[in-house]
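J.: Take this structure, written in structure tokens, and hold onto it; I'll ask about it next.
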């Protein structure tokens with residue numbers, strides 16, 4: 001049961017995909033849930049993207065997820081956001097969830113940024129009236145200027161991030177789930193995003209952030225989980241976990257680099 005001061009409970013969470021014997025295209029097909037790609041008679045095997053993950057996040061807490069590529073970070077966030085169903089275990093989310101995961105997810109390239117922002121705000125739980133009320137704040141935060149009324153097919157990857165983040169943080173989220181997508185933005189906008197997430201934290205919003213940017217995890221999170229091969233290997237204070245991660249990658253000489 002979720003108490004009033006608990007935002008997220010993950011209990012013995014596992015996610016399995018059935019893959020053909022082959023390469024990256026088969027993994028991509030499985031992650032995108034395209035079973036038709038896997039039914040051509042080739043032998044298949046189980047791939048565990050997540051294995052027996054358990055943790056609890058308190059309301060207002062900021063938790064970082066670190067780990068190498070393929071460790072399960074994005075899969076975990078997709079499960080938390082309700083995009084992917086777990087194979088076993090349970091996930092309980094206590095509050096409105098807003099997620100910024102895959103670049104461009106939920107945006108239609110043929111309609112304008114303004115129209116996409118309005119549509120996505122509604123899809124994230126606002127009424128149409130609420131979405132219209134918050135739209136000026138979204139547009140101002142995104143700093144897209146006249147591009148807000150251009151079709152999104154004209155947008156760069158950084159412009160996608162600007163609009164996606166602006167929508168995600170202005171839909172009155174209680175739990176904000178953010179993947180590595182922020183790395184696409186320029187340094188000034190990244191700083192603006194992290195500053196806004198800090199204000200959300202101070203207002204009681206829970207943040208779950210997956211990133212390869214270890215200094216940002218150390219600065220903006222209360223604790224960090226390190227994933228490897230779909231399992232939690234270390235969890236604790238950001239500086240300690242990041243130091244342990246660098247040591248695992250580079251050996252004892254990484255000590256100075258963890259500062």
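J.: If you check residue 101 against the conditions, is it more than 19 Å from the chain's Cα centre (by Cα) and surrounded by 20 or more Cβ atoms within 10 Å (Cβ to Cβ)?
T.: Spelling it out, it is not the case that residue 101 is more than 19 Å from the chain's Cα centre (by Cα) and surrounded by 20 or more Cβ atoms within 10 Å (Cβ to Cβ).
J.: Could you please let me know if residue 50 is at pLDDT 85 or above, within 30 Å of residue 160 (Cα to Cα) and in contact with a helix residue (DSSP H, G or I) (Cβ under 6 Å, 6 or more places away or on another chain)?
T.: Yes, satisfied.
J.: Please work out which residue is nearest to residue 81 (Cα to Cα), limiting yourself to the range 235-245 and to residues that are crowded, with 18+ Cβ neighbours inside 10 Å and in contact with a helix residue (DSSP H, G or I) (Cβ under 8 Å, 6 or more places away or on another chain).
T.: Out of the qualifying residues, it is 238.
J.: Continuing with this model, one more query. Is one or more of the residues making up the range 172-180 assigned to a helix (DSSP H, G or I), modelled with pLDDT of 90 or more and either touching a strand residue (DSSP E or B) at 6+ places or on another chain (Cβ under 8 Å) or within 20 Å of residue 119 (Cα to Cα) (or both)?
T.: no
J.: Turning to a different aspect of this structure: Just to be sure before I move on: is residue 15 more than 26 Å from residue 95 (Cβ to Cβ) and either outside any strand (DSSP E or B) or at pLDDT 95 or above (or both) in the structure I sent?
T.: In short, no.
J.: Among the residues of the range 58-104, count how many are part of a loop (DSSP other than H, G, I, E, B) and in contact with a strand residue (DSSP E or B) (Cβ under 9 Å, 6 or more places away or on another chain).
T.: Of the residues in that region, 19 qualify.
J.: Name the one entry in 105, 121, 92 that is on the phi < 0 side of the Ramachandran plot and in contact with a helix residue (DSSP H, G or I) (Cβ under 6 Å, 6 or more places away or on another chain).
T.: After ruling out the rest, the residue left standing is 121.
J.: If I filter the range 169-187 for residues that are more than 26 Å from residue 215 (Cα to Cα) and touching a residue at least 12 places away in the same chain (Cβ under 8 Å), do I get at least one hit?
T.: Among the residues of the range 169-187, at least one is more than 26 Å from residue 215 (Cα to Cα) and touching a residue at least 12 places away in the same chain (Cβ under 8 Å), which makes the answer yes.
J.: Any residue in the range 228-253 that's over 12 Å from residue 214 (Cα atoms): show its pairings with residues that are assigned to a helix (DSSP H, G or I) at Cβ separation under 6 Å, as long as the two are six or more apart or on different chains.
T.: Once the first residue is over 12 Å from residue 214 (Cα atoms) and sits in the range 228-253, its partners that are assigned to a helix (DSSP H, G or I) give 234/241; 234/244; 247/254.
J.: Do we find a residue being at pLDDT below 95, within 30 Å of residue 236 (Cα to Cα) and touching a strand residue (DSSP E or B) at 6+ places or on another chain (Cβ under 9 Å) anywhere in the range 32-43?
T.: Checked the range 32-43: no residue is at pLDDT below 95, within 30 Å of residue 236 (Cα to Cα) and touching a strand residue (DSSP E or B) at 6+ places or on another chain (Cβ under 9 Å).
J.: Pick out the one residue from 70, 22, 89 that is surrounded by 16 or more Cβ atoms within 10 Å (Cβ to Cβ) and either more than 25 Å from residue 164 (Cβ to Cβ) or modelled with pLDDT of 90 or more (or both).
T.: Result: 89 is the single residue among 70, 22, 89 that is surrounded by 16 or more Cβ atoms within 10 Å (Cβ to Cβ) and either more than 25 Å from residue 164 (Cβ to Cβ) or modelled with pLDDT of 90 or more (or both).
J.: Yes or no: the range 183-200 includes at least one residue that is in contact with a strand residue (DSSP E or B) (Cβ under 7 Å, 6 or more places away or on another chain), at pLDDT below 90, in a helix (DSSP H, G or I) and within 26 Å of residue 8 (Cα to Cα).
T.: Yes: one or more hits.
J.: Take residue 134 and decide whether it is in a helix (DSSP H, G or I) and either within 30 Å of residue 53 (Cα to Cα) or in contact (Cβ under 8 Å) with a residue 60 or more places away in the chain (or both).
T.: No, not satisfied.
J.: I'm trying to understand the selection: among the residues of the range 201-219, which are modelled with pLDDT of 90 or more, crowded, with 18+ Cβ neighbours inside 10 Å, over 14 Å from the mean Cα position of the chain (by Cα) and under 19 Å from residue 245 (Cα atoms)?
T.: Once the filter is applied, which keeps residues that are modelled with pLDDT of 90 or more, crowded, with 18+ Cβ neighbours inside 10 Å, over 14 Å from the mean Cα position of the chain (by Cα) and under 19 Å from residue 245 (Cα atoms), the range 201-219 yields 214, 218.
The values are calculated or read from the model by the stated rules, or taken from the named source; none is laboratory data. Keep in mind that this is a model prediction, so the values were computed, not measured. Cβ atoms come from the backbone with ideal geometry, glycine included; neighbour counts cover every protein chain shown.
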